[in-house]
Amino acid sequence: MSELTFEQMLDESLKTIHTGEVVEGTVIDVKPEEIVLNIGYKSDGILTRNEYTNEPNVDLTTVVKLGDTMEVKVLKVNDGEGQVLLTYKRLAADRGNKRIEEAYNNKEVLTAKVVQVLEGGLSVVVEEVRIFIPASLVSDSYEKDLTKYAGQEIQFVISEYNPKRRRYIGDRKQLLLAEKAELQKKLFETIREGDTIEGVVKNVTDFGAFIDLGGADGLLHISEMSWGRVENPKKVFKVGDKLRVLIKEISGTKVALSLKFEDENPWRDAAEKYAVGNVVTGRVARMTDFGAFIELESGIDALLHVSQISKEHIDKPSDVLKTGEEVTAKVVDFNEADKKISLSIKAMLAPESKEAEDDDADVVSVDIDSVIASESGDNE
């Protein structure tokens, strides 16, 4: 009986392997782009970066170390150079497919990092299975730029599972909608008209601002932004501003908001401050052909009719006044119910006669009422 050579004995002591077989190996060398494993075979196994993960440009020295053990699948027993080619990601993908199938059937919420932002959506990887989330299913509102999601962990559910075509579709939108619906339900169970609530400015338009109330958006109309006059909401508010707002009206899921708090209403003590006969000072806020509107304080404007600016005839206020100019005049009419105040500079001047004084009073009582009504109609 012939004796076996050392090489023959060594070969017999080593196991045999086959393509597609799952084996366990120990890391004996690792480079940024390659891992060498002792798999108990006459040749060591080579695991390249491309066969380790789908994530691009991963430095393998940061994910494994010498002595680590791992399960891998044999791709080729001999690559032509006597080396065994291995794959980790394909084995992980096989197991990942089962994981994805379970998540799909159970409607499980998955969490994964966005590994790539594509033109039409996002790509995430769960246990080496690449899942595509279309742009239309990324958010509950249209988002033109998805780059902010790069590298972020997001939650989603599997809405389509087709392993034969390797088609796995994720859906983040339905989670956001479900969360919003729950928040909305809780919000409307707790808020009432007249309540004050904290909110965050979500969007600003020419006619108002939309405020995120934490479950629903409320509209803060330009007319409710201040007791005073707001010309341009975009100059007053910006996205992200935190506000304490008053719930003015709730209609279904629509909420109308206001910043006109009653304890800040300038008309509360206006009757005393602007009583007929008082001399007041204000700023010319705007002008029309029939008169100038004088801002006495934020939220209170008074009309200085063109006939009450001077004893001399004036065609229009802009002939003698400028917007922003400070003027002093006497209150000649105060109507708290309609929130109207009429002023006169001419009334501060000594009348030439009793008859002239009476004529001035008539002009104020007749003309000012009509022009105020006209101004109110214009505003409506």
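The values are calculated or read from the model by the stated rules, or taken from the named source; none is laboratory data. Not measured: the values here are computed from a predicted model. Methodologically, a virtual Cβ is constructed for each residue, glycine included, from the backbone with ideal geometry; neighbour enumeration extends over all protein chains shown. Areas reflect the complete protein model, heavy atoms only, side chains present, ligands, DNA and RNA absent. Shrake-Rupley method; radii C 1.70, N 1.55, O 1.52, S 1.80 Å.
Okay, here's what the table says:
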quantity: Residue list for segment 306-321, restricted to those being within 11 Å of Asp289 (Cβ to Cβ) and not hydrophobic (A, V, I, L, M, F, W, C); calculated: Asp315, Lys316, Pro317, Ser318, Asp319
quantity: Matching residues, segment 135-184, being within 23 Å of Ala103 (Cα to Cα), among the aliphatic types (A, V, I, L, M) and open to solvent by 70 Å² or more (accessible area, probe 1.4 Å); calculated: Leu177
quantity: Residue check, Val27 surrounded by 15 or more Cβ atoms within 10 Å (Cβ to Cβ), in contact with a Leu (Cβ under 9 Å, 6 or more places away or on another chain), modelled with pLDDT under 95 and β-branched (Val, Ile, Thr); calculated: no
quantity: Residue under evaluation Leu175, criteria (1) touching a residue at least 40 places away in the same chain (Cβ under 8 Å); (2) assigned to a helix (DSSP H, G or I); (3) over 14 Å from Thr111 (Cα atoms), criterion not met; calculated: (3)
quantity: Residue match in segment 286-301 (condition: touching a His at 6+ places or on another chain (Cβ under 7 Å), open to solvent by less than 80 Å² (accessible area, probe 1.4 Å) and either closer than 30 Å to Gly199 by Cα or part of a loop (DSSP other than H, G, I, E, B) (or both)); calculated: yes
quantity: Arg268 being closer than 30 Å to Asp338 by Cβ, in a loop (DSSP other than H, G, I, E, B) and open to solvent by 60 Å² or more (accessible area, probe 1.4 Å); calculated: no
quantity: Residue among Glu7, Glu51 that is part of a helix (DSSP H, G or I) and either at pLDDT 95 or above or in contact with a Ser or Thr (Cβ under 8 Å, 6 or more places away or on another chain) (or both); calculated: Glu51
quantity: Of the criteria (1) surrounded by 12 or more Cβ atoms within 10 Å (Cβ to Cβ); (2) basic (Lys, Arg); (3) over 30 Å from Ile345 (Cβ atoms), which one Lys235 fails; calculated: (1)
quantity: Val63 being surrounded by 15 or more Cβ atoms within 10 Å (Cβ to Cβ) and aliphatic (A, V, I, L, M); calculated: no
